[in-house]
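Scroll down for the structure; my scribbles are underneath it.
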Amino acid sequence: MATEAVIHVGGINPHDVLVDMDQYDADTELNAFYHDSNTTLNVGNMTDLPYTLDVKQTIDAILSSTFSLNVLDNASVRLVGLDGSANNPTYNYGLVGNGKLEMTEQFVDTALGYLGQAPVVTINVDFSDAGASTLVYDPGNIAYDLRVPPNITGMSMGDQIQVPGAQNVNYENNVLIFRTDQGLEVGRLHAPDLDPDWLKMDGDTMTYACYLKGTHIATPGGETKIEDLAAGDQVCTASGGVATVKWLGYRTLHKHRIPAKNAIRAFPILFKQGAIADNVPHRDLLLSPGHHVYFDGALIPAMLLVNGRTVIQQFDVPVFEYFHVELEQFDILLAEGLPAESYVDTGNRAMFQNADTVVLHPDFGPSTGRPVIDGIKVLRAGPTVEAVRKRLLARAQTLTQSVRITDPGLYIEIDGQQIYAQQAGQHEGVLRFALPTGATHGDLRIRSRFAVVRETTARANRDLRQVGVGLVRITIEDEIGRRDLDLLDTRLDGMHAPQDVYGAVMRWTNGDARIPAALHCARGQAVLELHVLRTYSYWEKERRVA
């Protein structure tokens with residue numbers, strides 16, 4: 001039997017509440033009481049727990065109201081019920097990163113109701129943040145002509161919608177209609193501005209933009225899908241000229257066959273619509289990591305432009321297919337309006353399925369031995385690359401209403417209690433946390449904001465580490481005395497390998513490090529002291545005051 005936990009949002013409580021899945025057991029049903037309009041519950045999963053958290057929403061408001069629930073990166077939430085009512089309510093659900101949201105039949109039946117018998121309800125599901133998220137939508141046996149379907153926005157490459165019982169999906173008048181093989185309708189969702197070429201059904205799950213086929217290339221007769229090009233066809237170049245296709249190479253890759261060490265060089269890079277400039281690209285565009293994008297005489301590999309917001313590497317795509325266009329003479333093509341290179345044979349033609357010979361382990365990283373091309377420089381570092389990255393970072397902030405901040409938001413958590421640093425008498429970089437008496441025998445969690453190294457700075461690199469704060473010393477003061485903990489102790493969890501910083505040994509946390517009780521052995525009234533040598537630049541959703 002499930003145990004019930006209660007969380008209050010709004011009223012005398014905060015209107016924006018964050019909880020983490022590790023605060024609840026796998027059999028917990030979390031009852032979220034919303035006391036006011038414009039209130040939000042955020043559910044995270046900092047420790048990558050494998051289960052799904054059941055959530056029931058209870059509405060304690062009578063006015064026309066908006067209630068939100070965000071499923072943060074790696075969290076999994078199942079909506080099991082909805083109680084209470086408001087006049088013409090709007091329920092907003094956000095999927096962030098690799099979040100998963102399940103709408104059960106019980107929830108859908110209560111939330112949507114029948115027109116004329118229940119208030120007009122609006123349900124919005126937003127996929128617009130980075131990552132590959134999943135919506136499970138189970139409306140059960142309902143009369144669809146009497147329902148107002150949920151609105152789906154922000155879907156991009158790798159996002160999924162699962163409708164139990166569905167085998168087919170059609171896209172008609174901005175509506176996704178899911179049917180069985182016998183044509184019985186089992187789900188309907190309003191999803192404007194999707195590209196039907198990017199819809200793929202696998203069992204009862206629709207994935208959006210699984211393949212790189214479907215990319216539109218500019219030609220004198222208009223845009224043409226890349227897979228429809230053939231030798232002898234003409235295409236437009238970025239300079240306004242016309243070039244002739246010589247060869248079209250293609251290769252299908254499967255996630256489970258790609259070694260982890262090659263992931264960064266294999267998985268596709270998503271350029272969201274408008275990521276480079278206004279309407280450039282004019283649709284979401286997917287490129288291989290080593291494909292070079294053109295910037296005013298410079299060719300820069302796609303993998304070095306990743307920022308985690310508008311240029312994102314998609315590591316969760318199960319199957320994807322690369323196409324490369326070779327011209328009679330190298331030039332810059334227009335892919336979804338974005339200037340990008342044509343294929344250059346530098347000895348890697350055998351990677352493609354339609355070449356005479358195919359290597360077993362294709363590598364789509366930046367090629368070596370690229371010929372010198374007048375007026376074009378291939379760059380992987382330096383001032384020009386940094387200037388481009390700065391421009392894309394600034395644009396990402398505007399497009400996603402995000403900001404980069406240097407405050408790590410560091411705190412200690414023990415037995416579910418958050419403890420912040422003392423303010424008085426601190427030295428720069430030295431933070432002291434007074435641990436409550438009687439609660440000092442449990443594990444201590446060092447929690448903070450975190451960022452992927454390559455995503456938030458102007459300097460281009462391929463570092464995939466998720467970093468929080470850089471520590472050079474950890475000290476405990478208690479009734480026994482003052483002592484340093486060994487920063488290299490293997491029992492420390494959530495810490496990256498040590499690195500030398502001007503003679504000091506430093507270790508980055510991953511944003512959620514753990515000091516086991518067996519290591520710190522704190523007694524009585526104790527103080528944890530952290531010596532922070534470095535912080536980073538972290539993406540944060542901008543909070544705007546209405």
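The values are calculated or read from the model by the stated rules, or taken from the named source; none is laboratory data. These numbers were taken from a predicted model, which means no experiment stands behind them. Cβ sites come from the backbone with ideal geometry, for glycine too, and all protein chains shown count toward neighbours. The protein model used for the area step is the full one, side chains on, heavy atoms only, and it has no ligands, DNA or RNA in it. Shrake-Rupley method; radii C 1.70, N 1.55, O 1.52, S 1.80 Å.
Considering only DSSP beta bridges where both residues belong to the chain, give the percentage that are antiparallel (nearest 5).
Here the share of antiparallel DSSP bridges comes out near 60 percent.
Round to a whole number: what % of the accessible area of the stretch 392-477 belongs to carbon and sulfur, probe 1.4 Å?
47 percent
When Lys and Arg each count +1 and Asp and Glu each count -1, what net charge do the other residues less than 15 Å away from D478, Cβ to Cβ, add up to?
0
Per 5 Å bin, what is the whole-percent P(r) computed from every C-alpha pair distance within the stretch 283-338?
Per 5 Å bin, starting at 0, the Cα pair percentages come out as 4, 14, 25, 30, 16, 7, 3, 0.
Would you be so kind as to identify which of L444, Q423, V505 lies farthest towards the positive end of the dipole of the stretch 405-510, taking Lys and Arg as +1 and Asp and Glu as -1 on Cβ and the Cα centre as origin?
V505
When you have a sec, figure out the Kirkwood radius of the stretch 391-546 from all distinct Cα pair distances and drop it here in Å to one decimal?
Averaging 1/r across every pair of different Cα atoms and inverting gives 16.7 Å.
In terms of modelled amide H atoms, which long-range or inter-chain residues lie less than 5 Å from the amide H of A5?
E29, L30, N31
Heavy-atom accessible area per residue, the chain, 1.4 Å probe: how many Å²?
Computed with neighbouring chains in place, this is 45 Å² per residue.
Mind ordering 281-290, 260-269 by average Cβ neighbours within 10 Å, highest first? All intermediate terms of the calculation are to be shown ahead of the outcome.
On the way: 281-290: 23.1, 260-269: 17.3.
Put in order of decreasing packing, that is 281-290, 260-269.
Quick one: Karplus J couplings for the stretch 277-293, per residue in order, coefficients 6.51, -1.76, 1.60, θ = phi - 60°, nearest Hz, x for Gly and Pro?
7, 4, 6, 10, x, 8, 9, 4, 10, 10, 10, 5, x, x, 5, 8, 9
Per residue of the stretch 178-194, what does 6.51 cos²θ - 1.76 cosθ + 1.60 with θ = phi - 60° give for ³J(HN,Hα)? Whole Hz please, x for Gly and Pro, Karplus curve as stated.
9, 9, 7, 4, 8, x, 6, 6, 10, x, 9, 9, 7, 9, x, 6, 7
Per DSSP H run of n ≥ 4, the term is -39500 (n - 2.57); total these for the chain, divide by its residue number, and report the mean residue ellipticity at 222 nm rounded to 500 deg cm²/dmol.
-1500 deg cm²/dmol
Could you list the chymotrypsin sites (Phe, Trp or Tyr not before Pro) in the stretch 455-546 that lie in coil according to DSSP, counting only those with at most 11 other Cβ atoms within 10 Å of their Cβ?
Y502
Excluding ligands and nucleic acids, what accessible area in Å² is computed for R482 using a 1.4 Å probe, to the nearest 10?
It works out to around 120 Å².
Give me Rg over Rh for the chain, both radii from the alpha carbons and Rh done the Kirkwood way, two decimal places.
Taking Rg over the Kirkwood Rh, I get 1.00.
Let me check something: with ligands and nucleic acids excluded, how do T224, T509 order by accessible area (1.4 Å probe), largest to smallest?
T224, T509
In terms of solvent-accessible area of protein heavy atoms at a 1.4 angstrom probe, what is the ranking of T39, T153, highest value first?
Solvent-accessible surface, decreasing: T153, T39.
Search the structure for amide H atoms under 5 Å from the amide H of R459, placed 1.01 Å from N in the peptide plane, and list their residues when 5 or more places away or on another chain.
It is none; the list stays empty.
Report, in listed order, any pair from K390/K541; K377/K541; K200/K390; K100/K200 with a Cα-Cα distance greater than 30 Å.
K377/K541; K200/K390
Between the stretch 150-177 and the stretch 382-410, how far is it from one alpha carbon centroid to the other, in angstrom?
Rounded to whole Å, the Cα centres lie 32 Å apart.
At 1.4 Å probe size, with no ligands or nucleic acids counted, give the accessible surface of K377 in Å², nearest ten.
Counting only protein heavy atoms, the figure is 140 Å².
³J(HN,Hα) across the stretch 43-51 via Karplus (A = 6.51, B = -1.76, C = 1.60, θ = phi - 60°), whole Hz, x for Gly/Pro?
10, x, 8, 5, 9, 6, 5, x, 9
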